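These notes concern the structure reproduced below.
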Amino acid sequence: MNRDGNNKSLWQYNIEQEALQTYTANDFDTIIVGAGITGVTLAKELQNRGRNCLLIEKENPGFGTTGGTTAHINNFFDSSYDEIIKNFGESSAVLLANSAKETVRYIKHNILQYHISCDFNECNYYLFSTDGKQSKKLDDILEAHHQVGINTQQVYSIPFTLKFEKAIEIKGQAQFHPLRYINKLLKEYIKQGGAIITGVQVTDLKNKDGIVTVTTNDQTIFTAKNLVWATHIPPGDNRFSVLLAPYRSYAVTLKLANPVKSMAQTADLYDPYHYARYHKSDNNYFLIVGGFDHKTGDENDTEKHFEDLMEYVDNNFKYKEVTAKWSSQYYQSADGLPYIGKMPGEDNIYISTGFTGNGMTFGSMSSLIIPDLMENKITELAKLLSPARIKPIASAGNILYEVVNASMHFVKDKFSADKITELNEISSGEGRIIKHDGNTYAAYRDDRNELHLLSPICPHTGCNVAWNPSEVSWDCPCHGSRFDIEGKLLNGPAMSDLKKIDNEIQ
């Protein structure tokens, strides 16, 4: 099973996937682009409501962030409830808390209904502080949890070998094996006549007179009344290029020598924070540890983040061996909440994006929102998470920062000569943005000494890509599009590959 990076996540092992093509017609009620947690869950839910759907996946199910998640299912979020109360009001925070609890129940219901064997466990989460400033923040979070009805209490010990000053226990969490979950949902979807096609990319979209017409890279044409972008970020140059910022997070899986008493999750309050959880698969016990997040494309030495993560692991945990290490991409929204619902200005195109580190919950919550909207039911939750919302107080600072950050890359990438070098200085396994004879290249030399030359210009909005050595990919620092060494698109919002340059120089 493939994923959008060089490193292999825990979930990819022993997962076999074949190319799928189950459609027998070209006209549907709804086309869903993207077969991760959002797309697969939504396809099954819409099918349950009697809608005829087509899933289109550019690679294989779970290729993107679903295959690289740490698979927490939480009833609280990276934006803490005290922040949500401040920015959106207490009633909105209560609504979101209740919806989060309903989403956890929804996932559990799917697992029971379809007999999904996916290492599902319910557990508690332990959030802790390490100094006075963090303890003040923890007190604010605890008070907010009591306000919105999240079952939380202060505790004086946690089931992890981590030092802390103060800790709280948040009940009602869960976790699972994400690929086993979506693959069984997908199997049930196909079994009930659901259509899917993998290994094809949407290259063109027209929306006229209430009919969406989609063209794929093999020139197949599909039509539908509705379309959902379940691609982690909607493609093309739109308002979400400004409202969303791409980040990478790093994770390792440690095999433990002895069983743990119970499953549990934890995190500290550093920025960026460290997080961990236990996982049981068959008769083996693991510890998944992650953190050291950074904005995509802003770090030259991404491998150092794995080194820093392992130093943190070695200083805090005992384990038998490292069984997997990987990084994954997520998007931070301008105001801290996701955008789920109708694309602004469109009546029949929907998006689901901006999940931060809460993709399993928000991706599943999309199935509690979008199907209702398609039935013209506008719920309070849909209003709260509407992609058309504007929250100036909550958003202004973050939006301004990301616009300045992206603009900095445009200027630096186009005019800086700091990285001028000669092609023959590039080592095997190394990628660089270089200038040679007045031209700029994205250059990578493989282990056979062959040089791969690409245009560094991201086809999305024209930013220059940056080299990611740990995942062996070219990542756009402006909006998070990613490409392999041949220039092939891995992640949008770009809709086409990097341009190849004839290799005339070795």
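The values are calculated or read from the model by the stated rules, or taken from the named source; none is laboratory data. Model, not experiment: these values are computed from the prediction. Don't worry about glycine lacking a Cβ; one is built from the backbone with ideal geometry, like all the others, and counts go over all protein chains shown. Accessible surface areas use protein heavy atoms only, side chains included; no ligands, DNA or RNA. Shrake-Rupley method; radii C 1.70, N 1.55, O 1.52, S 1.80 Å.
Things to note:
- Residue selection: Gln134 fails the criterion of being more than 27 Å from Ile390 (Cβ to Cβ), crowded, with 18+ Cβ neighbours inside 10 Å and touching a Cys at 6+ places or on another chain (Cβ under 7 Å).
- Scanning the stretch 45-57 for residues that are of a type in the set (D, E, K, R) and over 11 Å from Ile196 (Cα atoms) yields Glu45, Arg49, Arg51.
- Scanning the stretch 294-319 for residues that are without any contact (Cβ under 8 Å) to a residue 60 or more places away in the chain and either surrounded by fewer than 18 Cβ atoms within 10 Å (Cβ to Cβ) or under 15 Å from Asn258 (Cα atoms) (or both) returns His294, Lys304, Glu307, Asp308, Met310, Glu311, Tyr312, Asp314, Asn315.
- Candidates Lys255, Lys320, Lys325, filtered to the one that is modelled with pLDDT of 95 or more, among the basic types (Lys, Arg) and closer than 23 Å to Asp4 by Cβ: Lys325
- The set of residues from the stretch 279-293 being open to solvent by 30 Å² or more (accessible area, probe 1.4 Å) and out of contact with any Lys or Arg (no Cβ under 7 Å at 6 or more places or on another chain) comprises Lys280, Asp282, Asn283, Tyr285, Phe292.
Every residue, every condition in (1) closer than 30 Å to Ile390 by Cα; (2) open to solvent by 20 Å² or more (accessible area, probe 1.4 Å), yes or no:
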residue	(1), (2)
Gly5	no, yes
Ser9	no, no
Glu18	no, yes
Lys44	no, no
Gln47	no, yes
Arg51	no, yes
Lys58	no, yes
Glu90	yes, yes
Ala97	yes, no
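- Residue selected from the stretch 317-354 under the condition assigned to a strand (DSSP E or B) and aliphatic (A, V, I, L, M), by the criterion farthest from Arg389 (Cα to Cα): Val322
- No other residue among Ala43, Ala25 is touching a strand residue (DSSP E or B) at 6+ places or on another chain (Cβ under 9 Å), aliphatic (A, V, I, L, M), part of a loop (DSSP other than H, G, I, E, B) and more than 20 Å from Asn121 (Cβ to Cβ) apart from Ala25.
- The single residue among Lys171, Lys225, Lys187 that is open to solvent by 40 Å² or more (accessible area, probe 1.4 Å), over 17 Å from Arg51 (Cβ atoms) and part of a strand (DSSP E or B) turns out to be Lys171.
- Residues within the stretch 369-394 that are open to solvent by less than 40 Å² (accessible area, probe 1.4 Å), within 23 Å of the chain's Cα centre (by Cα) and either modelled with pLDDT of 95 or more or closer than 27 Å to Thr66 by Cβ (or both), tallied: 10
- Scan of the stretch 206-231 for residues that are under 18 Å from His479 (Cβ atoms) and out of contact with any Ser or Thr (no Cβ under 6 Å at 6 or more places or on another chain), ordered by number: Trp229, Thr231
- Checklist (1) within 21 Å of Val202 (Cα to Cα); (2) open to solvent by 50 Å² or more (accessible area, probe 1.4 Å); (3) touching a strand residue (DSSP E or B) at 6+ places or on another chain (Cβ under 8 Å) applied to Lys488, failing item: (3)
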